[in-house]
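Notes follow once the structure below has been shown.
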Amino acid sequence: MKLYNTLTKKKEEFIPITEGQVKMYVCGPTVYNFIHIGNARPMIVFDTARRYMEYKGYDVNFVSNFTDVDDKIIAKANEEGVSAEEISTRYIAECKKDMEGMNVKPATTHPLATQEIGGMIDMIQTLIDKGYAYDVDGTVYFRTRKFDEYGKLSHKNLDDLRSGGRSLLVTGEDSKEDPLDFVLWKPKKEGEPFWKSPWSEGRPGWHIECSEMSKKYLGEEIDIHAGGEDLIFPHHENEIAQSECCNGKPFARYWLHNAFLNIDNRKMSKSLGNFFTVREISEKYDLQVLRFFMLNAHYRSPLNFSAEIMESSKNALERILTSADRLKDMIPKAEKAAVSDQEKDLLEQMKEFRNKFEMAMDDDLNTADAIAAIFELVKFANTESDENSSREYLETLRKEMVSLCDILGLKAERKAESLDEEIEALIAKRQEARKAKNFKLADEIRDQLLSQGIILEDTREGVKWKRA
Ligand code: AMP
Ligand code: ZN
């Protein structure tokens, strides 16, 4: 299996450190709001990478953090008049709900930065002891000039960055020895969460979090480190500097980066305000459609989001579901049980689609071509089966379709639609909640129904409902 490594700018054969095992770290979101569909891209593509490696027989130790201490979390907490912890706990729970909807498997471990401060302090201390970091009045900086390989991941011209950086020095950071030096520890400001350290009461810089959590849960040397391409510089460059100087070993062998999800050809981001949350999308679509849309492009190609492309993704996914459903309907009706000789030949031909699928995935996770192989199978199943086909043959076709989709985390089986009685019961529960003035519960029930495609209308004759 080949993976494109940002470090070497080449597609390389994947060779794990320990045979049969993969140690993989993916930088997770900062939790101060619902995640947007740009954040969902690394979640979906690297979950698919994990699933494919598991399919190939690797035991994958998959670690992905939540950054639960950050300026934006603190700002949101102040805005709402609650603690930073309340904000991060709330949005971690919401993020996990979205992940479930997108069929993103929970990581082996989801560490929280705030639970790992002790380990970060130890790493920073080691860096100071080795001369790679220095303390100026309670702020600790990493000394980039001391690490010869600084810049090896981002392939940037550091001299240009340095001279550009000099004019950009932020107030309060003018005590740095070099414009490229970055913060490992910073003193608290009034009203901020803080931890005690040998340098000041304060909190860690963002980059050290990942170096520490990766080391703690996966070891000093890992196979794959991944995230969105905006993280290459400075975040991942700085992680390499910290980890390699602290541990005296190469950090990650393969660095994988997904391209952006854009909208009107600009990066979708919270700061630009041009985003859709996963939750918003879930009101209109099954999140399988979102997953399909993401995987229908190569993870290193920019992907433009639009209403039209979501509609065409929905229709394309529908074609797979319809084909799988058709086989499912035919199976119990098939008169012959065992495969005929002719069907045996056809099942031999069918293997070609799995081969194509694997070839695509082995080529740097080309999910777009893997999906094309699934569509070839769909076409084959639609044309090469009818009421005279045997049960075993139909079952084999269907299983193949379900199995290939499953490797990509797509479910080739339609969700059973809620029964009318269940819907009626929920509506009655919502009416009771409203009577009791429990509007929170009432709204939750309405949202739950909406996520199942049920729209409520309050009319003079009472509550009416319809399917979206
Ligand atoms: P953040 O919460 O901004 O640190 O982002 C969490 C993850 O989402 C990181 O891996 C980012 O690179 C990634 N990400 C953020 N915005 C986008 C986008 N528009 N397209 C693809 N990935 C993104
Ligand atoms: Zn990170």
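Count, please, the residues in segment 49-78 that happen to be hydroxyl-bearing (S, T, Y) and closer than 17 Å to K96 by Cα. Even if it seems obvious, please write down each step before you answer.
Kept after step one, since they are hydroxyl-bearing (S, T, Y), are these residues of segment 49-78: 52, 55, 58, 64, 67.
The next check asks that each one be closer than 17 Å to K96 by Cα; those that pass are 64, 67.
Result for segment 49-78: 2.
Yes or no: I121 closer than 19 Å to K215 by Cα, more than 16 Å from ligand 2 (Cβ to nearest atom) and assigned by TED's automatic domain parsing to the domain that holds E177?
Details: closer than 19 Å to K215 by Cα: yes; more than 16 Å from ligand 2 (Cβ to nearest atom): yes; assigned by TED's automatic domain parsing to the domain that holds E177: yes.
Spelling it out, I121 is indeed closer than 19 Å to K215 by Cα, more than 16 Å from ligand 2 (Cβ to nearest atom) and assigned by TED's automatic domain parsing to the domain that holds E177.
With respect to A338, determine if the residue is farther than 30 Å from Y4 by Cβ, open to solvent by 20 Å² or more (accessible area, probe 1.4 Å) and hydrophobic (A, V, I, L, M, F, W, C). Spell out how you get there, then give the answer.
Working: farther than 30 Å from Y4 by Cβ: yes; open to solvent by 20 Å² or more (accessible area, probe 1.4 Å): yes; hydrophobic (A, V, I, L, M, F, W, C): yes.
Yes: the conditions hold for A338.
Is at least one residue of segment 384-399 open to solvent by 30 Å² or more (accessible area, probe 1.4 Å), in contact with a Leu (Cβ under 8 Å, 6 or more places away or on another chain) and more than 30 Å from K336 (Cβ to Cβ)?
No, segment 384-399 contains no residue that is open to solvent by 30 Å² or more (accessible area, probe 1.4 Å), in contact with a Leu (Cβ under 8 Å, 6 or more places away or on another chain) and more than 30 Å from K336 (Cβ to Cβ).
Show the residue pairs that are 6+ apart or on different chains and have beta-carbon atoms under 8 Å apart, the first residue being within segment 1-30 and without any contact (Cβ under 8 Å) to a residue 24 or more places away in the chain and on the phi < 0 side of the Ramachandran plot, the second being open to solvent by 60 Å² or more (accessible area, probe 1.4 Å) and of a type in the set (F, W, Y).
none
Pick from segment 179-196 the residues that are within 21 Å of M123 (Cα to Cα) and touching a helix residue (DSSP H, G or I) at 6+ places or on another chain (Cβ under 6 Å): which of them is modelled with the lowest pLDDT?
Going residue by residue through segment 179-196, those that are within 21 Å of M123 (Cα to Cα) are 180-188, 193-196.
Checking which are touching a helix residue (DSSP H, G or I) at 6+ places or on another chain (Cβ under 6 Å) leaves us with 180-182, 184-185, 193, 195.
Values: L180: 95, D181: 96, F182: 97, L184: 98, W185: 98, P193: 92, W195: 98.
If we take residues in segment 179-196 being within 21 Å of M123 (Cα to Cα) and touching a helix residue (DSSP H, G or I) at 6+ places or on another chain (Cβ under 6 Å), then P193 is modelled with the lowest pLDDT.
Residues in segment 180-229 that are aliphatic (A, V, I, L, M) and more than 16 Å from ligand 2 (Cβ to nearest atom): how many?
So in segment 180-229, the residues aliphatic (A, V, I, L, M) come out as 180, 183-184, 208, 213, 218, 222, 224, 226.
Remaining after also requiring more than 16 Å from ligand 2 (Cβ to nearest atom): 180.
Residues flagged as aliphatic (A, V, I, L, M) and more than 16 Å from ligand 2 (Cβ to nearest atom) within segment 180-229 amount to 1.
Return the residues of segment 107-126 that are of a type outside the set (A, V, I, L, M, F, W, C), touching a helix residue (DSSP H, G or I) at 6+ places or on another chain (Cβ under 7 Å) and either in a helix (DSSP H, G or I) or without any contact (Cβ under 8 Å) to a residue 12 or more places away in the chain (or both); say none if nothing qualifies.
Step one: of segment 107-126, the residues of a type outside the set (A, V, I, L, M, F, W, C) are 108-111, 114-116, 118-119, 122, 125-126.
Cutting the leftovers down to touching a helix residue (DSSP H, G or I) at 6+ places or on another chain (Cβ under 7 Å) gives us 109, 111, 116, 119, 126.
Of everything in segment 107-126, those that are of a type outside the set (A, V, I, L, M, F, W, C), touching a helix residue (DSSP H, G or I) at 6+ places or on another chain (Cβ under 7 Å) and either in a helix (DSSP H, G or I) or without any contact (Cβ under 8 Å) to a residue 12 or more places away in the chain (or both) turn out to be G119, T126.
Restricting to segment 20-42, and then to whatever is within 18 Å of L290 (Cα to Cα) and away from ligand 2 (no atom under 14 Å from the Cβ), can you tell me which residue is farthest from the chain's Cα centre (by Cα)?
Among residues in segment 20-42 that are within 18 Å of L290 (Cα to Cα) and away from ligand 2 (no atom under 14 Å from the Cβ), the one farthest from the chain's Cα centre (by Cα) is F34.
Restricting to segment 268-279, what's the tally of residues that are under 18 Å from M294 (Cβ atoms) and either touching a residue at least 60 places away in the same chain (Cβ under 8 Å) or in contact with a helix residue (DSSP H, G or I) (Cβ under 7 Å, 6 or more places away or on another chain) (or both)? Show your work before the answer.
Narrowing segment 268-279 to residues under 18 Å from M294 (Cβ atoms): 268-269, 274-279.
Now restrict to residues that are either touching a residue at least 60 places away in the same chain (Cβ under 8 Å) or in contact with a helix residue (DSSP H, G or I) (Cβ under 7 Å, 6 or more places away or on another chain) (or both): 268-269, 275-279.
Total meeting the criteria: 7.
Return the residue satisfying two criteria in turn: it lies in segment 13-60 and is farther than 24 Å from K216 by Cβ and part of a strand (DSSP E or B), and of such residues it is most open to solvent (accessible area, probe 1.4 Å).
It comes out as E13.
Quick one: what pairs do we get from segment 434-455, first residue over 14 Å from I423 (Cβ atoms) and aromatic (F, W, Y), second modelled with pLDDT of 90 or more and open to solvent by 70 Å² or more (accessible area, probe 1.4 Å), C-beta under 7 Å, 6+ apart or different chains?
none
Across segment 306-315, what is the total count of residues that are among the hydrophobic types (A, V, I, L, M, F, W, C) and open to solvent by 20 Å² or more (accessible area, probe 1.4 Å)?
Narrowing segment 306-315 to residues among the hydrophobic types (A, V, I, L, M, F, W, C): 307, 309-310.
Cutting the leftovers down to open to solvent by 20 Å² or more (accessible area, probe 1.4 Å) gives us 307, 309.
Summing the residues that are among the hydrophobic types (A, V, I, L, M, F, W, C) and open to solvent by 20 Å² or more (accessible area, probe 1.4 Å) in segment 306-315 gives 2.
Out of A297, A307, I need the residue that is away from ligand 1 (no atom under 15 Å from the Cβ) and hydrophobic (A, V, I, L, M, F, W, C). Which one? Working first, answer last.
Values: A297 fails: away from ligand 1 (no atom under 15 Å from the Cβ).
Result of the check over A297, A307: A307.
Counting just the residues of segment 41-86 that are hydrophobic (A, V, I, L, M, F, W, C) and more than 20 Å from T108 (Cβ to Cβ), which one comes out farthest from ligand 1 (Cβ to nearest atom)?
Among those residues, the one meeting the criterion is V82.
Conditions tested, residue by residue: (1) outside the structural domain of T67 (by TED's automatic domain parsing); (2) touching a Lys or Arg at 6+ places or on another chain (Cβ under 8 Å); (3) surrounded by fewer than 21 Cβ atoms within 10 Å (Cβ to Cβ).
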{"site": "F182", "(1), (2), (3)": "no, no, no"}
{"site": "E209", "(1), (2), (3)": "no, no, no"}
{"site": "S214", "(1), (2), (3)": "no, no, no"}
{"site": "D223", "(1), (2), (3)": "no, yes, no"}
{"site": "F233", "(1), (2), (3)": "no, yes, yes"}
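Any residue that is open to solvent by 10 Å² or more (accessible area, probe 1.4 Å) and of a type in the set (V, I, T) - is there at least one of those in segment 2-12?
Of the residues in segment 2-12, the ones open to solvent by 10 Å² or more (accessible area, probe 1.4 Å) are 2, 4, 6-12.
Checking the rest, the ones that are also of a type in the set (V, I, T) come to 6, 8.
Yes, there is a match, as at least one residue in segment 2-12 is open to solvent by 10 Å² or more (accessible area, probe 1.4 Å) and of a type in the set (V, I, T).
The values are calculated or read from the model by the stated rules, or taken from the named source; none is laboratory data. Owing to the predicted nature of the structure, the values given are computational and were not obtained by experimental measurement. FYI the Cβ positions are ideal-geometry reconstructions off the backbone, even for glycines, and counts take in every protein chain you see. We work out accessible area using only protein heavy atoms, side chains counted, and drop any ligands, DNA or RNA first. Shrake-Rupley method; radii C 1.70, N 1.55, O 1.52, S 1.80 Å.
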